[in-house]
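**Q** Here it is, the structure in full.
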Amino acid sequence: MSGSNSSSPAAKHGALDQPLGLTVHSLPLPQEAALADEQRTRTGRWKMLLVMLVCAAPVIASYLAYYVVRPDTRRSYGELIEPQRPIPSLTGTDLAGKAVSLPTLQGQWLLVSVAGGACDAACEKHLYLQRQLREALGKDRDRLDWVWLVPDEAPVRDALKPALAQATVLRVDAAQLAQWLAPARGHQLADHLYVVDPMGHWMMRFPPTQDLAGAAKVRKDLERLMRASAGWDQPGRPAN
(Lines give C-alpha, C1' and ligand atoms only; values in the text may rest on other atoms or scores of the structure.)
Protein backbone atom coordinates (compact mmCIF):
# COMPACT_ATOMS: atom_id res chain seq x y z
CA MET A 1 0.00 0.00 0.00
CA SER A 2 2.95 2.35 0.66
CA GLY A 3 4.16 1.84 -2.90
CA SER A 4 1.11 3.45 -4.46
CA ASN A 5 1.22 7.29 -4.68
CA SER A 6 -2.00 7.68 -6.57
CA SER A 7 -4.04 6.98 -3.50
CA SER A 8 -2.11 9.22 -1.14
CA PRO A 9 -3.64 12.43 0.20
CA ALA A 10 -0.92 14.44 -1.51
CA ALA A 11 -1.69 12.90 -4.86
CA LYS A 12 -5.37 13.55 -4.39
CA HIS A 13 -4.67 17.12 -3.39
CA GLY A 14 -2.43 17.56 -6.45
CA ALA A 15 -5.17 16.27 -8.70
CA LEU A 16 -7.57 18.81 -7.28
CA ASP A 17 -5.07 21.56 -8.04
CA GLN A 18 -5.22 20.75 -11.77
CA PRO A 19 -7.60 22.93 -13.87
CA LEU A 20 -10.84 21.20 -14.90
CA GLY A 21 -11.12 20.22 -18.53
CA LEU A 22 -14.12 22.48 -19.26
CA THR A 23 -14.81 23.79 -22.78
CA VAL A 24 -15.90 27.28 -21.78
CA HIS A 25 -12.97 28.69 -23.72
CA SER A 26 -14.40 27.22 -26.97
CA LEU A 27 -17.60 29.36 -26.85
CA PRO A 28 -17.73 32.13 -29.52
CA LEU A 29 -17.20 35.67 -28.48
CA PRO A 30 -20.39 37.80 -28.13
CA GLN A 31 -19.38 39.83 -31.18
CA GLU A 32 -18.98 36.67 -33.27
CA ALA A 33 -22.37 35.33 -32.13
CA ALA A 34 -24.10 38.59 -33.01
CA LEU A 35 -22.43 38.61 -36.43
CA ALA A 36 -23.55 35.04 -37.11
CA ASP A 37 -27.12 35.85 -36.08
CA GLU A 38 -27.15 38.91 -38.33
CA GLN A 39 -25.87 36.85 -41.26
CA ARG A 40 -28.55 34.19 -40.72
CA THR A 41 -31.23 36.90 -40.50
CA ARG A 42 -30.00 38.51 -43.71
CA THR A 43 -29.97 35.17 -45.52
CA GLY A 44 -33.50 34.42 -44.30
CA ARG A 45 -34.74 37.78 -45.51
CA TRP A 46 -33.26 37.24 -48.97
CA LYS A 47 -34.88 33.83 -49.19
CA MET A 48 -38.24 35.27 -48.14
CA LEU A 49 -37.90 38.08 -50.69
CA LEU A 50 -37.09 35.55 -53.41
CA VAL A 51 -40.20 33.52 -52.56
CA MET A 52 -42.32 36.69 -52.63
CA LEU A 53 -40.90 37.68 -56.02
CA VAL A 54 -41.65 34.25 -57.46
CA CYS A 55 -45.24 34.41 -56.16
CA ALA A 56 -45.70 37.98 -57.38
CA ALA A 57 -44.19 37.39 -60.83
CA PRO A 58 -47.56 36.94 -62.62
CA VAL A 59 -48.92 40.13 -61.04
CA ILE A 60 -45.78 42.06 -61.96
CA ALA A 61 -45.93 40.72 -65.51
CA SER A 62 -49.56 41.74 -65.93
CA TYR A 63 -48.77 45.17 -64.49
CA LEU A 64 -45.95 45.68 -67.00
CA ALA A 65 -48.09 44.43 -69.87
CA TYR A 66 -50.96 46.75 -68.95
CA TYR A 67 -49.07 49.92 -68.08
CA VAL A 68 -45.82 49.68 -70.05
CA VAL A 69 -46.15 47.36 -73.03
CA ARG A 70 -49.66 48.61 -73.93
CA PRO A 71 -49.89 52.15 -72.57
CA ASP A 72 -52.80 52.90 -74.91
CA THR A 73 -55.07 50.71 -72.76
CA ARG A 74 -54.45 52.62 -69.55
CA ARG A 75 -57.44 54.91 -70.05
CA SER A 76 -61.00 54.15 -70.94
CA TYR A 77 -62.72 55.79 -73.88
CA GLY A 78 -65.73 56.55 -71.71
CA GLU A 79 -65.56 59.22 -69.04
CA LEU A 80 -65.77 57.83 -65.50
CA ILE A 81 -68.31 59.63 -63.33
CA GLU A 82 -67.07 60.73 -59.91
CA PRO A 83 -68.87 60.53 -57.64
CA GLN A 84 -71.12 57.88 -59.10
CA ARG A 85 -74.82 58.72 -59.03
CA PRO A 86 -77.34 56.13 -57.75
CA ILE A 87 -80.40 55.41 -59.83
CA PRO A 88 -83.23 57.66 -58.58
CA SER A 89 -86.58 56.61 -57.17
CA LEU A 90 -88.21 57.57 -60.45
CA THR A 91 -91.23 55.87 -62.02
CA GLY A 92 -91.65 55.74 -65.76
CA THR A 93 -94.09 54.06 -68.12
CA ASP A 94 -93.33 51.52 -70.81
CA LEU A 95 -94.76 51.61 -74.33
CA ALA A 96 -97.83 49.74 -73.12
CA GLY A 97 -98.48 52.40 -70.47
CA LYS A 98 -97.45 50.19 -67.55
CA ALA A 99 -95.71 51.91 -64.62
CA VAL A 100 -92.11 50.80 -64.08
CA SER A 101 -89.87 51.94 -61.24
CA LEU A 102 -86.32 52.71 -62.42
CA PRO A 103 -84.70 51.01 -59.38
CA THR A 104 -86.18 47.70 -60.62
CA LEU A 105 -83.68 47.88 -63.49
CA GLN A 106 -80.83 47.24 -61.04
CA GLY A 107 -79.07 43.90 -61.13
CA GLN A 108 -77.89 44.25 -64.74
CA TRP A 109 -75.40 46.44 -66.53
CA LEU A 110 -77.38 49.09 -68.41
CA LEU A 111 -76.40 50.84 -71.65
CA VAL A 112 -78.67 53.88 -71.72
CA SER A 113 -79.65 56.39 -74.39
CA VAL A 114 -81.94 59.40 -74.05
CA ALA A 115 -84.08 60.82 -76.86
CA GLY A 116 -87.57 62.08 -77.55
CA GLY A 117 -90.26 59.70 -78.77
CA ALA A 118 -90.09 61.12 -82.30
CA CYS A 119 -86.57 59.58 -82.52
CA ASP A 120 -84.65 61.43 -85.22
CA ALA A 121 -81.79 59.97 -87.27
CA ALA A 122 -79.27 60.40 -84.44
CA CYS A 123 -81.63 58.60 -82.05
CA GLU A 124 -82.04 55.70 -84.48
CA LYS A 125 -78.27 55.39 -84.81
CA HIS A 126 -77.90 55.25 -81.05
CA LEU A 127 -80.55 52.55 -80.74
CA TYR A 128 -78.91 50.52 -83.50
CA LEU A 129 -75.50 50.97 -81.86
CA GLN A 130 -76.85 49.87 -78.47
CA ARG A 131 -78.27 46.68 -79.96
CA GLN A 132 -75.08 45.89 -81.91
CA LEU A 133 -72.83 46.55 -78.91
CA ARG A 134 -74.90 44.22 -76.77
CA GLU A 135 -74.79 41.46 -79.37
CA ALA A 136 -71.04 41.94 -79.79
CA LEU A 137 -70.52 40.91 -76.16
CA GLY A 138 -71.30 37.31 -77.12
CA LYS A 139 -71.80 35.13 -74.05
CA ASP A 140 -71.83 38.25 -71.86
CA ARG A 141 -74.69 39.94 -73.70
CA ASP A 142 -77.21 38.64 -71.16
CA ARG A 143 -75.41 40.66 -68.49
CA LEU A 144 -76.25 43.96 -70.20
CA ASP A 145 -79.62 45.53 -71.02
CA TRP A 146 -80.05 48.36 -73.47
CA VAL A 147 -82.37 51.09 -72.30
CA TRP A 148 -84.02 54.01 -74.08
CA LEU A 149 -85.33 56.74 -71.79
CA VAL A 150 -87.92 59.00 -73.44
CA PRO A 151 -88.25 62.38 -71.68
CA ASP A 152 -91.34 63.59 -73.56
CA GLU A 153 -94.82 62.49 -74.67
CA ALA A 154 -94.12 62.21 -78.39
CA PRO A 155 -95.40 58.89 -79.73
CA VAL A 156 -92.92 56.24 -80.85
CA ARG A 157 -93.44 55.27 -84.49
CA ASP A 158 -94.96 51.84 -85.01
CA ALA A 159 -92.31 51.09 -87.63
CA LEU A 160 -89.64 51.44 -84.95
CA LYS A 161 -91.22 49.18 -82.35
CA PRO A 162 -90.20 45.77 -83.83
CA ALA A 163 -86.54 46.78 -83.56
CA LEU A 164 -87.08 47.55 -79.87
CA ALA A 165 -88.26 44.05 -78.93
CA GLN A 166 -85.19 43.43 -76.75
CA ALA A 167 -84.91 46.99 -75.43
CA THR A 168 -86.33 48.55 -72.28
CA VAL A 169 -88.16 51.72 -73.34
CA LEU A 170 -89.49 53.99 -70.59
CA ARG A 171 -91.03 57.44 -70.61
CA VAL A 172 -89.67 59.47 -67.71
CA ASP A 173 -90.02 62.98 -66.40
CA ALA A 174 -87.40 65.17 -68.07
CA ALA A 175 -86.72 67.32 -65.00
CA GLN A 176 -86.23 64.31 -62.73
CA LEU A 177 -84.04 62.58 -65.30
CA ALA A 178 -81.82 65.67 -65.48
CA GLN A 179 -81.20 65.30 -61.74
CA TRP A 180 -79.53 61.96 -62.43
CA LEU A 181 -77.89 61.87 -65.88
CA ALA A 182 -75.96 64.83 -67.24
CA PRO A 183 -74.27 65.57 -70.58
CA ALA A 184 -70.74 66.83 -71.04
CA ARG A 185 -70.27 70.57 -71.22
CA GLY A 186 -71.62 71.93 -74.49
CA HIS A 187 -73.71 68.81 -75.24
CA GLN A 188 -77.25 67.53 -74.76
CA LEU A 189 -78.43 64.41 -72.92
CA ALA A 190 -79.28 62.82 -76.26
CA ASP A 191 -75.68 63.13 -77.48
CA HIS A 192 -74.27 60.40 -75.24
CA LEU A 193 -74.59 56.77 -74.26
CA TYR A 194 -74.48 56.14 -70.50
CA VAL A 195 -73.41 53.09 -68.49
CA VAL A 196 -75.08 52.09 -65.21
CA ASP A 197 -73.57 49.29 -63.13
CA PRO A 198 -75.58 46.39 -61.64
CA MET A 199 -75.75 48.19 -58.30
CA GLY A 200 -77.66 51.01 -59.95
CA HIS A 201 -74.89 53.61 -60.16
CA TRP A 202 -74.36 55.77 -63.23
CA MET A 203 -70.60 55.36 -63.61
CA MET A 204 -69.61 56.14 -67.23
CA ARG A 205 -70.54 58.48 -70.09
CA PHE A 206 -69.36 57.89 -73.64
CA PRO A 207 -68.41 60.77 -75.92
CA PRO A 208 -70.83 61.57 -78.75
CA THR A 209 -70.03 59.02 -81.44
CA GLN A 210 -71.60 57.94 -84.68
CA ASP A 211 -68.60 56.42 -86.50
CA LEU A 212 -67.15 52.91 -86.49
CA ALA A 213 -63.93 53.94 -84.75
CA GLY A 214 -65.85 55.38 -81.82
CA ALA A 215 -68.14 52.35 -81.68
CA ALA A 216 -65.11 50.04 -81.51
CA LYS A 217 -63.77 52.00 -78.52
CA VAL A 218 -67.14 51.80 -76.77
CA ARG A 219 -67.19 48.06 -77.34
CA LYS A 220 -63.69 47.69 -75.89
CA ASP A 221 -64.73 49.54 -72.74
CA LEU A 222 -67.83 47.37 -72.34
CA GLU A 223 -65.79 44.19 -72.78
CA ARG A 224 -63.34 45.44 -70.16
CA LEU A 225 -66.20 46.09 -67.74
CA MET A 226 -67.59 42.60 -68.32
CA ARG A 227 -64.22 41.01 -67.63
CA ALA A 228 -63.57 43.10 -64.54
CA SER A 229 -66.97 42.22 -63.03
CA ALA A 230 -67.08 38.56 -64.07
CA GLY A 231 -66.29 37.41 -60.54
CA TRP A 232 -69.33 38.98 -58.90
CA ASP A 233 -71.87 39.78 -61.64
CA GLN A 234 -74.12 37.09 -63.09
CA PRO A 235 -76.67 37.28 -65.94
CA GLY A 236 -80.20 38.20 -64.90
CA ARG A 237 -81.56 40.17 -61.98
CA PRO A 238 -81.60 38.62 -58.51
CA ALA A 239 -85.00 37.53 -57.27
CA ASN A 240 -86.60 39.92 -54.82
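The values are calculated or read from the model by the stated rules, or taken from the named source; none is laboratory data. This is a predicted model, so every value here is computed, not measured. Every residue, glycine among them, receives a Cβ derived from its backbone with ideal geometry; neighbour counts consider all protein chains shown. Heads up: the accessible areas ignore ligands, DNA and RNA and are worked out on the full protein's heavy atoms, side chains in. Shrake-Rupley method; radii C 1.70, N 1.55, O 1.52, S 1.80 Å.
**Q** Report SER89's accessible area, 1.4 Å probe, all protein chains in place, as a number in Å² to the nearest 10.
**A** 120 Å²
**Q** Next question. If the cut-off is 27 Å between C-alpha atoms, which lysines fall inside it for LYS220, apart from same-chain ones fewer than 8 positions away?
**A** Answer for LYS220, where 27 Å is the Cα cut-off: LYS125, LYS139, listed by chain and number.
**Q** Take MET48 and ALA163, extend 7 Å from each Cα along the Cα→Cβ direction, and tell me the distance between the two endpoints in nm.
**A** It works out to 6.4 nm between the two label points.
**Q** Using a cut-off of 20 Å between alpha-carbon atoms, which lysines can reach LYS98, once sequence neighbours fewer than 8 places away in the same chain are excluded?
**A** Filter leaves LYS161.
**Q** Another one. Give me the accessible area of ILE87, 1.4 Å probe, in Å² rounded to the nearest 10.
**A** About 20 Å², rounded to the nearest 10.
**Q** Whenever you get a sec, line up ARG227, ARG171, ARG42 from highest to lowest accessible area (probe 1.4 Å, protein heavy atoms).
**A** Ranking ARG227, ARG171, ARG42 by accessible area, largest first, yields ARG227, ARG42, ARG171.
**Q** When only the heavy atoms of the protein chains count and the probe is 1.4 Å, how do TYR77, TYR128 rank by accessible area, highest first?
**A** Sorted by accessible area, descending: TYR128, TYR77.
**Q** How much solvent-accessible surface does GLU82 expose, in Å² to the nearest 10, with a 1.4 Å probe and all protein chains in place?
**A** Probe radius 1.4 Å; accessible area of GLU82 about 150 Å².
**Q** Same structure, new question: How many percent of the accessible area of region 170-240 is carbon or sulfur, using a 1.4 Å probe?
**A** 54 percent
**Q** Rounded, prolate or oblate: which fits region 90-240, taking a ≥ b ≥ c as square roots of the Cα gyration tensor eigenvalues, rounded meaning a/c under 1.5, else prolate when a/b beats b/c?
**A** Working: a/c = 1.42, a/b = 1.17, b/c = 1.21.
Rounded, since a/c falls under 1.5.
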